[in-house]
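**Student:** Here it is, the structure in full.
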Amino acid sequence: MRHLVRSRSELQRQVTELVEQQAAISEVLRAVANSPQDLQPIFDTILINATRLCRATFGGLLLFEEKGYRTVARIGPPNPVYAERWPLGLVHPICPGDPLAQLNESRSPVHIADLAADQAYLRRDPRVVALVELAGLRTYLVVPLLKDDELIGALGINREQVQPFTDRQIDLVTDFAAQATIALESTRRERQYREAQMALAHANRIATMGQLSASITHEVNQPITAAVTYALAARRWLSAEPPDFGEVSEALAGIIKEGNRASDVIGRIRALIKKAPPRKDVVFINDAILEVVALTRTEAANNGVLVRTQLAQGLPPVQGDRVQLQQVMVNLIVNAVQAMSGIGEGARELQISIDAVPSEGGVRVGVRDTGPGLSPESLSRLFEPFYTTKPEGMGMGLSICRSIIEAHGGRLWAIPCEPHGALFQFTIPAT
């Protein structure tokens, strides 16, 4: 009877442990899904669950580098000795006798039941051994993080008392280490994907600015020409008898104004073509889009396109990368102008609208043209990479635009208009 009670109790304990383990794994998977670009919450979640389920006192996650290892996450009671000697982020060499050296050779878990009785460990630097004793570490377990048999890190847990970890606990920590490896690899791939996207977006900006070269030249020439005119007038007023210093002063003020105007234009152009990492700033969308309208107005005029703007006032600011959002507008405006440049009869009008969308908690931007419109086939494939209706097009502009808007938490779509033309709209959440 006692044996039956013990068996039932043991079975209940195993079921409880299994449920706890499954819940912990689910929690780690949620952290991975919710933090695709930030490893810290994932590492913290792994350590919290590993130490809790294995009844450990301390836990740490290490990443290996060419010159040693660095601790990227740690959990446990505050320990000044440990924190001072092994601070987060600092690279430490792997010394002979260090369990990490054994891990590096074996690529297998290293389990030391009692550090104070382990001869290989005691042969380490006496100062390190003394520090570990002072920190209160006795039972030690470290498992490898392996990617294609390459040791990229380690997950360790420790106890203050001598109490060896069970095989089940070692297997559990090994599972957590595998999840940490997957998170590292996923983040690396996500970073590579985003870097490739940034490179494509930058190339697209350069190509688009090349298409706007005539417009840009005109925008820069206007203030320069005006400044020269003011300078000539100032010279005439100075040559008069007597010199009219009042008129000279006004002419000089005009030169300063036009010089600043030219500087602003060049600044906007430099910002658009500059290769820089994405930023998260507060952006007033009306101001950002009006800058793009000013930069593209000569291109529109050269193609006989009348540009109208309808901007709602009192819009909430949005958070994002100003240059990337302006890139989307440049692409949409240039596409609309080019679509209308091929039509013969009829008005060529480009309407840009911005309004609030309370239902989506943000703002909506629309670019509507009176061009030939969108066929059902092009509408379904419009945002696919490399799909284009232009003979000289690469088919990346709209795909990049959609990626940018979605990265800002918004959406971009197109609607055919009646009797002709197309409307492109995107939304951006407010801050």
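The values are calculated or read from the model by the stated rules, or taken from the named source; none is laboratory data. Every value quoted in this text rests on a predicted model; they were computed, and no experiment measured them. Don't worry about glycine lacking a Cβ; one is built from the backbone with ideal geometry, like all the others, and counts go over all protein chains shown. Areas reflect the complete protein model, heavy atoms only, side chains present, ligands, DNA and RNA absent. Shrake-Rupley method; radii C 1.70, N 1.55, O 1.52, S 1.80 Å.
**Student:** Criterion first (out of contact with any strand residue (DSSP E or B) (no Cβ under 8 Å at 6 or more places or on another chain), modelled with pLDDT under 90, open to solvent by 30 Å² or more (accessible area, probe 1.4 Å) and closer than 15 Å to Asn331 by Cβ) does Ser399 satisfy it?
**Tutor:** It is false that Ser399 is out of contact with any strand residue (DSSP E or B) (no Cβ under 8 Å at 6 or more places or on another chain), modelled with pLDDT under 90, open to solvent by 30 Å² or more (accessible area, probe 1.4 Å) and closer than 15 Å to Asn331 by Cβ.
**Student:** Another question, then. Taking the stretch 167-211 as the region of interest, how many residues are at pLDDT below 70 and of a type in the set (S, T, N, Q)?
**Tutor:** Adding up the residues that qualify gives 5.
**Student:** Pairs needed: first member in the stretch 223-237, open to solvent by 80 Å² or more (accessible area, probe 1.4 Å); second member anywhere, outside any helix (DSSP H, G or I); C-beta distance under 6 Å; at least 6 residues apart or different chains.
**Tutor:** Trp237/Asp244
Quick grid of which residues meet (1) at pLDDT 80 or above; (2) assigned to a strand (DSSP E or B):
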position	(1), (2)
Ala101	yes, no
Asn104	yes, no
Ala120	no, no
Leu134	no, no
Leu141	yes, yes
Leu145	yes, yes
Ala154	yes, yes
Phe165	yes, no
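**Student:** Can you tell me which residue is nearest to the chain's Cα centre (by Cα) among those in the stretch 342-376 that are at pLDDT below 75 and exposed (fewer than 15 other Cβ atoms within 10 Å of the Cβ)?
**Tutor:** Only one residue tops the list, namely Gly342.
**Student:** For residues that are within 32 Å of the chain's Cα centre (by Cα), polar (S, T, N, Q) and over 12 Å from Val142 (Cα atoms), scanning just the stretch 152-192, find the one that is surrounded by the fewest Cβ atoms within 10 Å (Cβ to Cβ).
**Tutor:** My answer is Gln192.
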